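The values are calculated or read from the model by the stated rules, or taken from the named source; none is laboratory data. Owing to the predicted nature of the structure, the values given are computational and were not obtained by experimental measurement. Cβ: placed from backbone, ideal geometry, glycine included. Neighbour counts: every protein chain shown. Quick note on the areas: whole protein, heavy atoms, side chains included, nothing else; ligands and nucleic acids left out. Shrake-Rupley method; radii C 1.70, N 1.55, O 1.52, S 1.80 Å.
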Amino acid sequence: TKGKSTTAALLAHVLKGEGKRVFLGGNFGEPLLCAANDLVQYDFVVAEVSSYQAADLERGFDVAILTNLYPEHLNWHGSHERYFKDKCNVIFKSSVKIVNKKDAKTGEIFAKEKVVFFNDENLCEAGDLSLKGEHNLSNANAVLTCLKALSFDVERAKKHLGTFEPLPHRLQEVGERDGLIFIDDSISTTPETAIAA
């Protein structure tokens with residue numbers, strides 16, 4: 001539900017740091033159709049897929065990551081159960097399925113599925129990141145688990161985590177006045193994301 005843009009952008013950043021040609025698109029970045037005619041120029045396509053896009057997806061990806069599931073988008077999906085089903089469609093249809101072991105809903109849905117769990121082992125520490133917050137440590141673990149699944153040297157690749165520029169409106173420091181630091185976290189649109197921040 002949350003963390004998709006940061007995780008996708010962080011994965012693209014680390015892959016580029018490893019010398020790969022990467023297209024970042026989908027719900028974040030450019031539309032995926034922009035890459036469709038010339039896929040051979042890329043080593044990897046990193047796609048952020050929204051629940052709306054996942055709902056009628058007919059084919060999955062080589063690797064898919066599910067960061068977490070929280071109730072959202074009732075106006076379009078009609079119910080939380082339908083939202084969860086639509087969101088998980090991308091995982092069920094993908095070859096390698098990477099899901100967050102610490103997220104209660106993903107653990108419940110994927111308990112009997114053949115998946116690779118992240119946050120089962122910490123592949124990095126907070127000091128490795130340029131990002132703030134435990135939730136971003138989870139996003140980084142998802143990225144490193146993906147790289148591990150793709151046979152990258154995770155120890156070498158994680159050095160790029162510290163050079164990632166955080167995305168705007170996500171725990172973004174915007175100024176200081178009279179000893180108070182002002183933070184823009186306006187992308188935080190659910191109670192869960194506000195609590196995480």
Could we say that Arg82 is of a type outside the set (S, T, N, Q) and closer than 19 Å to Thr190 by Cβ here?
yes
Selection from segment 23-52 of residues farther than 13 Å from Ser5 by Cβ and among the hydroxyl-bearing types (Ser, Thr, Tyr) yields Tyr42, Ser51, Tyr52
Residue that is in contact (Cβ under 8 Å) with a residue 12 or more places away in the chain and over 19 Å from Leu150 (Cβ atoms), where the choices are Leu33, Leu74, Leu15, Leu57
Leu57
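Quick check on my filter: what residues within segment 1-18 are open to solvent by less than 60 Å² (accessible area, probe 1.4 Å) and over 11 Å from the mean Cα position of the chain (by Cα)?
Keep residues of segment 1-18 that are open to solvent by less than 60 Å² (accessible area, probe 1.4 Å), which gives 1-15, 17-18.
His13, Val14, Leu15, Gly17, Glu18, listed by residue number.
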Kindly indicate whether any position in segment 145-164 is touching a Ser or Thr at 6+ places or on another chain (Cβ under 7 Å), closer than 24 Å to Lys102 by Cα and modelled with pLDDT under 95.
no
Considering only residues that are closer than 16 Å to Ala111 by Cα and aliphatic (A, V, I, L, M), which ones fall in segment 45-99?
Ile65, Leu66, Leu69, Ile91, Val96, Ile98, Val99
Check Asn89 against each of (1) modelled with pLDDT of 95 or more; (2) surrounded by fewer than 21 Cβ atoms within 10 Å (Cβ to Cβ); (3) not in a helix (DSSP H, G or I) and name the one condition it does not meet.
(3)
Can you tell me which residues in segment 59-86 are open to solvent by less than 60 Å² (accessible area, probe 1.4 Å), out of contact with any Ser or Thr (no Cβ under 8 Å at 6 or more places or on another chain) and within 21 Å of Lys114 (Cα to Cα)?
Phe84
